[in-house]
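Notes for the one structure printed next.
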Amino acid sequence: MSLPLRRLFVAGLRRRPLGASLSLLAIALGVALGLAVQLIHDAALDEFGRGLRLLAGEADLQVVGPREGFDDALYAALAVRPEVAAASPVLEVRARLPGHDDSLRVLGVDIFRLPAVQPALLPVPAEGVGQFAALEPDRIFLSAAAAAALGLDMEQPARLPVQSGVTEHVLRVSGGVPGAGSGQALAVMDLAGAQRLFGHVGRITRIELRLHAGVERETARRALGALLPPGVEVLAPESAAAQAGGVSRAYRVNLGMLAAIALLTGVFLVFSSQMLAVARRRQEFAFLRALGMTRAELRRGLLAEGAALGLLGGMAGVLLGHGLAALAFRLVGGDLGAGYFDGVRPVLRFEPWLALAHGALGVAAGLAGSWIPARDAARLVPARALRAADETALEAHPRWGACAFCVVAAVLLCALPPVGGVPVAGYAAVACILAAALFALPGVAALAVRLPAGSGAVPWRLARARLGAAPGQIVVAVAGVVASVALAVAMAIMVAAFRVSLDDWLARMLPADLYLQASPSAASGYLDDEALARVAALPGIAAQAPIRARQLRLAPGHAPVTLLARPISADGDLPLVAGRIAAARPGADPPVWISEAVADLFELDVGDTIDVPLDGRLLRFEVAGIWRDYARQHGALAVDLETYRALSGDRRVNDLAIRLAPQADAARIAEALLDLFGERTVRVSSAGEIRALSLRIFDRSFMVTYLMEAVAVLIGLAGIATSFAALASARRREFGMLRHLGFTRAEVGRLLALEGALGAMLGVALGMLAGGAVAWVLVEVINRQSFHWSMDFHVPVGGLAIFAAVLIALAAAAARLAGAHAMRTAAVRAVREDW
Amino acid sequence: MQKGMEGRCFASLVCMLLALAAGRAGAGDDVEPAGYPPVLPGYQLAFPRDGGAHPDFRTEWWYVTGWLEDAEGAQRGFQITFFRVRTRIGEDNPSRFAPTQLILAHAAVADPAHGRLLAAERAARALSPLAGVEQGRTHAWVDGWSLAWGDGHYRAQAADGAFSFDLRLRPDGPPMLNGEDGFSRKDADPAHASHYYSRPQLVVSGTLEVGGRRVEVAGSAWLDHEWSSGLMPPGAHGWDWIGINLHDGGALMAFRMRAEDGRPLWAAGTLRGQDGAAQALDEQAVHFSPSRHWRSPRTGARYPVAWRLEVTDGREGRARAFEIVPLMDDQELDSRRSTGAVYWEGAVRLLEGGREIGRGYLEMTGYAGRLRM
């Protein structure tokens, strides 16, 4: 572009600083949110993947089982196979640390097998500790990140208490695991010591295999796979990593979509600001055309304006995005509070390509927003535009046909299945609903004007007339409101539905008064019969129900599911959505109740049978019902505790649900329980506390969502402000005329506020409608497909009403403020200006 | 042969494990070193029983060294050693992985065409069927390497990237008991002793693969089997040991232990005549003196690779002077990257009056500085 052109167009942005800076802000926010989500997840996944590779080392194949592991005789059986050059057994345990909230990932290893397969895991004894101290059962070696998390100085000999069952054992910290790098929090100790310490003698959780040169991996995988008991798989290390990446994919895509929507709102803002600017500068463009500028040049100039805005916004967004990501790492960790990547401490890195791509997104947003205004400007006929100076060229025809098409498309898209676990069609349906709302806007605005007005004050009639006279401008100003309100309302309804359903679910899942827990189910604390007997002997306890949670691999290629054994005998013991609670019938397969995720992922229904691998055996169950489970995204199977114990002989217990005798003092009994086991080793919570904590975690997970919602509303409001600022300055003569006719300045202001409120009302009403529809898609399609859980639709009517009222009031205030500048001009000058 | 044993031990992984055990027992911990049975004089060795493992003792090893000749007349040395260590760790742990017994192995081939040793090692906790030792007959194995007695011969197998061998070793007679009927003292203090016998004059046949070329080989070898709970004498820094098959059918084993300044602390040996009758050589009867040194370009260690050895032959009542000459100078085992052990273990010829009268192996430890334990 030539210099004069650059001055003419790009510099034109400086003449409307408010509109330009708000557009810039919106683009920057959209880019920043998108980039931050991407950066955070890339870093977290990267570090998570590094952790997997660290564990896999140079392995060609890995044999994995459930969290509780498998028979360790399998190790020797595989190690002697002709395909196998080297094999390394690992027992991975989440060691509960007494007095700590976090658990520590402990790898029980055979140091003699590490060099050939996983050299990075080799423990290095501290100065003065013997080379083979790593064989001693009370020695533990910490990675730098683990030592830092525990606040241990590796130079000093330290003692580390860990918990197994309800017993505390003290280990000697004897060195480091330098190969683990800085981001992996883990500990290494001798396999035999770990097996005994954590009560896992005879079990390991994985075997890493290196094959002989020349052995084809897939052939070996099949041959070795035939030797494995049910529930144990042999995988290529990459597929394990892919499985892990899949875990958080739906969550990531959801966040990415929110960022995309923020960016889209930014596009709207650019569009509305440019559209109005074009309207205001008609005369200027007509002159330019008359002076010989071609259409293409004019168009290019306007696009350059948008691109310049997008570039600035994109650059600001890239900076802001890195800032946000850094803040998120500090405050909520690498999974944005969702709990996917435990024990991983990712570090923020600058990714040039990612930054460049997101900067380019900003430019694209600027260009997209300017596209139609630029086209319209290029089409104008110079002679006419020169004469009709004040006439806005904006036209908005009702688009009922397009609207109907989008509605039909949305309905059809909702019926499609997810693609690779991501509800692509669902997102497309949301886009269709938004588009339908925007297409409906002009028609709705026109209809609204025709509504019987009744009598009213002059400003009221004027405002209505204005709405009727210039629907195009209203459309532009209100479109942003529609979009942002729709999104905010949709999110609000979805979160409310989720929260209400979760609360309800918690009440069903936690029927007892007190819960005694030796550790989170994945970690090394547990209760045994002796502990249960001690609890039963306490006075004031009416009944106790043990709960056992284990992990199973139901089918190759699927993430492990949870097996939940608890007393299930009466209706209400599980939050069922299908089937019923029935006792086991003699001779028939024992009943199992599957969570919705299992029903979806394994395509099971009530009445089907399912083979469950338990301790190397396949046991057949009949699906008696489907229940709702918000706690285990990969799915859960619930079986009656007695059935489970009879089949498995496993008498360990993770949680104990305790019902108190009438008149028993819950606080006193909680105290007594803590005294019994020591407050460092067990946690006692009331059902109410667990509920409160769960809801707190829920709110934390949705923190990002709340933030995005606020941003969307802010952008919508900003849209109103910039539109009205632009309109107001174009209407200076009108205001001057009104002042001549006897309007006070305050009355003109009220007129503007009213116009803003009317427009916002229209937008809010349409936005609410669209939002309700989007919320339905979120609840019934997107959530169901992403996380495989259903929820009860719930509209927070009161909250939405307040939200709508506040938004309309804010819009009125924004319009009034935006017009303030134009109203300041002396009335006479304003009227004379154009003559 | 006490010195030989201890020397080898010092130079290997085993030593570190021993040091670990010793450290646990002695270095300030109030744990008694006890728990290992002592080595006492008067124990009657019986075969094949005592060819097998004695897992109660702290350490035990089977050490095979020998000379091989292929059809083209090329001479090479080979070595394969299995160590067993009782760690006293996890003996009450029911886990199959409890590291109560460790099995370690070294194997090496000395090929003058290559100029230096080809060596490899294996280490594992005893865990059937991957690694272990058998009681009642000689059988030790780890990760595909093995040494086993059966059908009147030993079979030694080892394979690594650079070499592999599969050899049969047939003894010509009963085992040669060292020291006092197999009770071999390591020091003036009899607390430092081992049970120790040798099988010299093993007739070797089998295959050897070096540099990708597999050849049929034949030769003669020597097996040492020794077990002990006793520690290396205090003040010992290293040792020198030989085991030589004499061309006349006899055998000579001799060792000495050195202090840090090179002063001999203890020496002993066994000389077996043509007729198979063995005589124990006491401290006065064995005298080593270096005659030529070689410096390792890798470690900088300076080894006396050629020796003069004076032995008083009690039966003939005369002193005999031997010369020890290496097959090649560079037979240093440098495993600093894995175990940190550096020692010299190589094929040598024994000369008397300038004439070769036997071939065997020489081991020298403690020349590359005291090993980090």
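The values are calculated or read from the model by the stated rules, or taken from the named source; none is laboratory data. The structure presented is a predicted model; accordingly, all values stated were derived computationally and were not measured. No Cβ is skipped: glycine too gets one built from the backbone with ideal geometry, and neighbour counts run over all protein chains shown.
Miscellaneous remarks
- Within the range A:405-430, residues that are among the hydroxyl-bearing types (S, T, Y) sit with their Cβ atoms under 9 Å from residues that are modelled with pLDDT of 90 or more, at 6+ positions apart or across chains, in these pairs: A:Y427/A:L413; A:Y427/A:V777.
- Test: residue in the range A:690-701 that is more than 30 Å from A:V253 (Cβ to Cβ) and modelled with pLDDT under 80: no
Per-residue answers, yes or no, for (1) within 29 Å of A:A86 (Cβ to Cβ); (2) of a type in the set (V, I, T):
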site	(1), (2)
B:Y197	no, no
B:V204	no, yes
B:G211	yes, no
B:P233	no, no
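- Scanning the range B:86-103 for residues that are in a strand (DSSP E or B) and facing another protein chain (nearest Cβ under 9 Å) yields a total of 1.
- Within the range A:150-160, being away from chain B (no Cβ under 14 Å) and either outside any strand (DSSP E or B) or under 24 Å from A:L55 (Cα atoms) (or both) holds for A:L150, A:G151, A:L152, A:D153, A:M154, A:E155, A:Q156, A:L160.
- The residues of the range B:231-248 include none that are free of Cβ contacts under 8 Å to residues at least 40 places away in the same chain and in contact with a helix residue (DSSP H, G or I) (Cβ under 7 Å, 6 or more places away or on another chain).
- Filtered residues of the range B:52-80 (kept if surrounded by 17 or more Cβ atoms within 10 Å (Cβ to Cβ) and either free of Cβ contacts under 8 Å to residues at least 60 places away in the same chain or within 11 Å of the chain's Cα centre (by Cα) (or both)): B:E60, B:W61, B:W62, B:Y63, B:V64, B:T65, B:Q79, B:I80
- Every listed requirement among (1) assigned to a helix (DSSP H, G or I); (2) among the hydrophobic types (A, V, I, L, M, F, W, C); (3) at pLDDT below 85; (4) surrounded by 20 or more Cβ atoms within 10 Å (Cβ to Cβ) is met by A:F341 save one, (1).
- Scanning the range B:119-155 for residues that are more than 14 Å from chain A (Cβ to nearest Cβ) and under 19 Å from A:A116 (Cα atoms) returns a single hit, B:A119.
- Restricting A:R499, A:R580 to those that are more than 30 Å from A:H397 (Cα to Cα) and either aliphatic (A, V, I, L, M) or touching a strand residue (DSSP E or B) at 6+ places or on another chain (Cβ under 9 Å) (or both) reduces the list to A:R580.
- Positions within the range B:127-164 being closer than 17 Å to A:A77 by Cβ, of a type in the set (A, V, I, L, M, F, W, C) and touching a Lys or Arg at 6+ places or on another chain (Cβ under 9 Å), in sequence order: B:L127, B:A131
- Taking the range A:556-660 as the region of interest, the strands (runs of 3 or more DSSP E) fully inside it that hold 2 or more residues being under 30 Å from the mean Cα position of the chain (by Cα) are A:561-566, A:576-579, A:591-595, A:617-627, A:636-640.
- Identity of the residue in the range A:134-149, buried (at least 18 other Cβ atoms within 10 Å of the Cβ) and within 14 Å of chain B (Cβ to nearest Cβ), that ends up modelled with the lowest pLDDT: A:A134
- Filter pass, B:D189 being out of contact with any His (no Cβ under 8 Å at 6 or more places or on another chain), over 15 Å from B:V64 (Cβ atoms) and touching a residue at least 24 places away in the same chain (Cβ under 8 Å): yes
- Screening B:F83 with (1) buried (at least 23 other Cβ atoms within 10 Å of the Cβ); (2) modelled with pLDDT of 95 or more; (3) touching a Leu at 6+ places or on another chain (Cβ under 7 Å); (4) away from chain A (no Cβ under 11 Å) gives one miss only, at (2).
- Residue in the range A:33-40 that is part of a strand (DSSP E or B), away from chain B (no Cβ under 14 Å), of a type outside the set (G, A, S) and within 31 Å of the chain's Cα centre (by Cα) present: no
- Filtered residues of the range A:59-74 (kept if more than 14 Å from every other protein chain (Cβ to nearest Cβ) and closer than 26 Å to B:S95 by Cβ): A:A59, A:L61, A:Q62, A:V63, A:V64, A:G65, A:P66, A:R67, A:E68
- For the range A:75-118, filtered to residues that are touching a residue at least 40 places away in the same chain (Cβ under 8 Å) and charged (D, E, K, R), the residue that is farthest from the other protein chains (Cβ to nearest Cβ) is A:D102.
- Of everything listed in (1) among the aliphatic types (A, V, I, L, M); (2) buried (at least 21 other Cβ atoms within 10 Å of the Cβ); (3) within 19 Å of A:Q118 (Cα to Cα), the single unmet condition for A:I40 is (3).
- Note on the range A:568-597: residues that are touching a Leu at 6+ places or on another chain (Cβ under 9 Å) and charged (D, E, K, R) total 1.
- Taken over the range B:263-275, the criterion of being without any contact (Cβ under 8 Å) to a residue 24 or more places away in the chain and over 20 Å from B:P171 (Cα atoms) is satisfied by B:R263 alone.
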